[in-house]
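Data first, discussion second: the structure below is written as structure tokens.
Quick note: the coordinates plus some simple rules give every number you see, no bench work behind them. Here the structure is a predicted model, which is why all the values come from computation and not from measurement. With ideal geometry, Cβ positions are generated from the backbone for all residues, glycine too; neighbour counts draw on all protein chains shown.
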2 protein chains.
Amino acid sequence: MQIMNYVPVADVLHGKAAVDTEVTVRGWIRTRRDSKAGISFLAIYDGSCFDPIQAVVPNELNNYQEEVLRLTTGCSVEVTGTVVESPGQGQAYELQATNVKVVGWVEDADTYPMAKTRHSIEYLREVAHLRPRTNVIGAVARVRNCLAQAIHRFYHEQGYFWVSAPLITASDAEGAGEMFRVSTLDMENLPRNDKGAVDYNEDFFGKETFLTVSGQLNAEAYACAISKVYTFGPTFRAENSNTSRHLAEFWMVEPEVAFAELDDVAKLAEDMLKFVFKAVLEERRDDLEFFAQRIDKEAISRLEKFVESDFAQVDYTDAIDILIKSGKKFEFPVEWGIDLASEHERFLAEEHFNAPVIVKNYPKDIKAFYMRLNDDGKTVAAMDVLAPGIGEIIGGAQREERLDVLDERMRAMNIDPEHMNWYRDLRRYGTVPHAGFGLGFERLVSYVTGMGNVRDVIPFPRTPRSANF
Amino acid sequence: MQIMNYVPVADVLHGKAAVDTEVTVRGWIRTRRDSKAGISFLAIYDGSCFDPIQAVVPNELNNYQEEVLRLTTGCSVEVTGTVVESPGQGQAYELQATNVKVVGWVEDADTYPMAKTRHSIEYLREVAHLRPRTNVIGAVARVRNCLAQAIHRFYHEQGYFWVSAPLITASDAEGAGEMFRVSTLDMENLPRNDKGAVDYNEDFFGKETFLTVSGQLNAEAYACAISKVYTFGPTFRAENSNTSRHLAEFWMVEPEVAFAELDDVAKLAEDMLKFVFKAVLEERRDDLEFFAQRIDKEAISRLEKFVESDFAQVDYTDAIDILIKSGKKFEFPVEWGIDLASEHERFLAEEHFNAPVIVKNYPKDIKAFYMRLNDDGKTVAAMDVLAPGIGEIIGGAQREERLDVLDERMRAMNIDPEHMNWYRDLRRYGTVPHAGFGLGFERLVSYVTGMGNVRDVIPFPRTPRSANF
């Protein structure tokens, strides 16, 4: 008989270990079931795929009485056995165990926080260090990884370079949200300057510093040098928002492209989303099936429909008309100039277009200073990608590449151009049309899995009054 | 004639656009040279590869006198032309230009900070927003991307899941270094509790929080659930170290593997380094050739030797013997119990073994509480990977999976086990041997490129008194 050494459970279940081969798997007990005939069935999970493998353990094993019959959910084991075709439902292969080695016991099965009864998703947040052991959070972790890998692969294959934007920043000009201060000053004994104010000259960086809200401005500097770049890193918002869509710390993907206009990045957004959704449909079918069964029955069909759909595109001004003419009662009244609320976005994507839709050219007054002013003088070349079932998933824009227009926009928004001299330099020296967008990675994972709260799609969520583990 | 639309310079130089095809490239002028015969030669760089493409511009073009002859380094252009085999040295293909469109001028060629004269690397740090336009920093950006992509690919292919460790943490137990405080308290008006101390209960997270120094402990929680994981994210040290090897903000790669012992991750480290070095040798030959020519003549040979070498392994105790018996005078005296200094590490890797070397089993007193105590009671299952030419590039360990030993180590190091209850839970419930390591990503990029200072291998370095852009 052929002997394979330690193998992932996924390899056995996917037929990569030939029948009659002896293999050893290592993982944690999900369940144990004993038959009256003196046989135990162990479900062993190692995280390599959604399903555990079943090991059939005969009572002839030395440690059957003393150990196997004491195994409970969460115990870690090494099980050696022969791969056989499974007569049972639900799995193609199982192991006929020849050896069961207990690696780690569970201290007290009755108080083990992850005992096999199903737990509420809220309870699981309280035990974020153990929740990856559950079906649901394990599946989230694999899908999250699959999406991240697909994002890197997509950009790499398209000739983009990953750049890391700085996390600590002295710039607060974008005004995209409240920021966290970063400091090493002694809080009990703050240094003061001669005016009595806190003396940040004494701080680590010699000035006030914060955690970044976006890597975009830094990415622009790289796009204006090597053409096609993207960031994929953490960003921060110190907003006291206790909603299912907000985290204080979250990951963003921000491509930035030189010699590109709004329509170019609209296409890039469509291509990217379809690419990563196809990847997860192909690579993580097992986890998606679980989500479709237990979390959101449209978890698979939504993605399948998405990758087949043609994106709609609509001007903001036309979208406002559509909303007004719909005759629908919205909580937030619709008129030209408003920022679209979630109810408006979802009406457009789910009812009117019944497809992903890109809304373009928003009123300048509700958008950031760096977005390119359109010839109408009223709107900017901004876009939002709205997806059926979630609303806004991507926000982007063509950037203002004309120095005089940029300066005027900054002054109108009370930003001192002098503070942005490095950013202005990109326009002073060989300026180019360029554009980019931002994708909130946790919203993407939430969309794919159907998990309703972004706190459950990041390993250790940071939210107001919560930074445990 | 066939017409291709916008193509990256790399595609033309690598022969992906057939001879006689008309293409348009877009980028920035590196140099302009005019011949007496009324022809100009433009070197156009777009970042897609190291080399610019040469466009041969005849004086028949409409805007030859008015625009082409005014082009200076840094101007952005769109050049359309026919691909031809280049008669000149140094490039296989060039463009016979039929149209030159100036997209963006340089405001004043004489004051352009990136004019074509060569700049000192220290000066370039002062203009970090423009330095990616230089040969050297552009090459760093491409190599950095190549290494990052290869790291993700390596782990993904080996069945590891990327997990994001939290950046903001309330835990300071590891004691790996000074930390940055994260806070939203009003510094000019700090809330006080009834004892007069700063009341962190009023802070955003309801307690004191800091920027993480390592994602390892969090990664352990995921390894103890889904077996094979890695982090790749930013970490922080608030150390006032103004050296060429320290950044306040840097990226770390931290794999963590369940059911693994020290030798397993020693092998993983070797496999990973060889994989990523092979990737950069294959994919970024152009940039490496530049580094070998201008920065470090061993930039290529060092990597080629590395990927062919067999790693040496030596116990710390034997390494100390080797150092003592070497008869060499070291600045820091050698005796059992010291932490190895850079001079010791480089002697081992460069002179004694003349190969990458993994030093294992260090004295427990110089290592962290979570490293697994060896049976000798004096050493722990820690390892450092030392590379010729740089010294320590990876540090790792098998983790202490035995709760009683872990608790004892924590008490000996004045860490209250109660503060680490979530980490202790991983040992209370189905504990498994597990191990991992940390790779400082900037040190890796520095090693590959030969760039002597880590400030030059991260886009926007953060160091004491410096957080610009």
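Quick notes
- Chain A - mean residue ellipticity at 222 nm from DSSP helices (-39,500 (n - 2.57) per run, n ≥ 4, rounded to 500): -8500 deg cm²/dmol
- Pseudo-label separations to other copies for A:T117 - Cα-to-Cβ vector, 7 Å, nm: 7.8
- For A:T235, the residues 5 or more places off, or on other chains, whose built amide H falls under 5 Å of its own are A:F250, A:W251, A:M252.
- Under Karplus coefficients 6.51, -1.76 and 1.60, residue-wise ³J(HN,Hα) of region A:446-454 in Hz, glycine/proline x: 4, 5, 6, 8, x, 5, x, 10, 4
- Nearest chain A C-beta to the A/B rotation axis, reported as residue and distance in angstrom, is A:H152, 3.
- Classification of region A:55-163 by its C-alpha gyration tensor yields an oblate form. The axis ratio a/c (a ≥ b ≥ c) is 1.5 or more, and b/c is at least a/b.
- Euclidean distance between Cα centres, region A:194-254 to region B:249-297, Å: 29
- Residue exposure proxy: B:L69, B:L340, ordered by other Cβ atoms within 10 angstrom of their Cβ from fewest to most, comes out as B:L69, B:L340.
- Residues whose amide H falls under 5 Å from that of B:T98, counting only those 5 or more places apart or on a different chain, are B:T80, B:G81, B:T82, with hydrogens built in the peptide plane.
- Copies compared at A:E289 - label distances in nm, ascending, label defined 7 Å from Cα in the Cβ direction: 5.1
- Mean separation of Cα contacts under 8 Å (6+ apart) over length of region A:9-104, as relative contact order %: 32
- Centre separation in Å (Cα based) which lies between region A:302-333 and region B:89-128: 45
- Using a cut-off of 28 Å between Cα atoms, the listed pairs A:K367/B:K116; A:K305/B:K278; A:K274/A:K297; B:K325/B:K360 include A:K367/B:K116; A:K305/B:K278 as exceeding that distance.
- Remark: label point of A:A341 defined 7 Å out from Cα along the Cα-Cβ vector; separations to the same position in other copies 6.8 nm, ascending.
- Here A:K101, B:K195 are placed in order of increasing Cβ neighbour count within 10 Å, fewest first, which gives B:K195, A:K101.
- Order of B:T111, A:T80, A:T212 - criterion: other Cβ atoms within 10 Å of each residue's Cβ, fewest first: B:T111, A:T80, A:T212
- Distance histogram for region A:30-85 (every C-alpha pair counted, 10 angstrom bins, percent rounded to whole numbers): 22, 59, 18, 1
- Here, region A:9-104 yields an orientationally averaged convex hull projection of 5.5 nm² when only Cα atoms define the hull.
- Taking every C-alpha pair closer than 8 Å and separated by at least 6 residues, the mean separation divided by the residue count of chain A gives a relative contact order of 13 percent.
- Take the convex hull of the alpha carbons in region B:381-455; its mean projected area over all directions comes to 6.8 nm².
- Within the protein assembly as shown, the proportion of Cα pairs with more than 46 Å between them is 31 percent.
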